[in-house]
Amino acid sequence: MSQVQRRNGSCVGNCSRADMVPEIAAAVGFVSSLLRTRGCVSEQQLQVFSGALEEALKEHYKHHWFPEKPFKGSGYRCIRINHKMDPIISKAASQIGLSLQQLYQLLPSELTLWVDPFEVSYRIGEDGSICVLYEGSAAPVSSYGMLTCKNQMMLGRTSPSKGYMMTVSS
C-alpha cells in the first residue's frame, strides 16, 4: 500500500487504518467515560469494552476514511443513539455482558458522535450544542472539557442549553 504522509497528518493515496487512531481513541474514550460516569461498569469491563469498540470502529471505518475529504462518509461513520441503540456500541457492550436495557440506562437517550478525519465531536439531545472532543493532530481535550457537557447530562438534562457551545483545541 503506497502512501505519502504530509506534515499536517493528512495523506495522499491509500491511507491505512493507522491514520484514524487518534480520532477513534477520542470516540472510544468519550463513550467509555459515559459508561464510567454512571459507575455501574468496572474498570476491567471498561477496558474490554474500549478494546472491542476500538476494533469494531477500525473495521467499520476501514473503507470509509478519507483524510483528503474529511466530510466524505461522515454519515456512515456517525455513531447514533436516538431511542435506538447504535449497533456498534451494542456489539462492543455485549462483550462485557451489558444488555440493551442496561445500555439505555447508562447512555443518553439521544447522542450523536461524529468521527471524522481530524475532528471528533458530539451532541447530546436533538437540540443540544455540538462539543468538539478532538481537533487536528492534537491530543483529545482534557477531561475538564468533556465534564462541562457531561455535567449538564448528569444534572438530568437531555441536552446542553441551546446557547451553549463548547470548542476546545490545543
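Details
- Taking only alpha carbon atoms, the stretch 50-93 gives an Rg to Rh ratio of 1.00, where Rh is the Kirkwood radius.
- Proximal charge balance of His64 [Cβ under 10 Å; K/R count +1, D/E count -1]: +3
- Compactness index (Cα Rg / 2.2 N^0.38 Å), the stretch 13-109: 1.11
- Loop-located trypsin sites (Lys or Arg not before Pro) in the stretch 42-139 (DSSP state not H, G, I, E or B) with no more than 12 neighbouring Cβ atoms inside 10 Å: Lys62, Lys84.
Values in this text are rule-based calculations from the coordinates and carry no lab data. All values derive from a computational prediction rather than experimental measurement. Cβ coordinates were reconstructed from backbone atoms using ideal geometry, including for glycine residues, and neighbour counts include every protein chain displayed.
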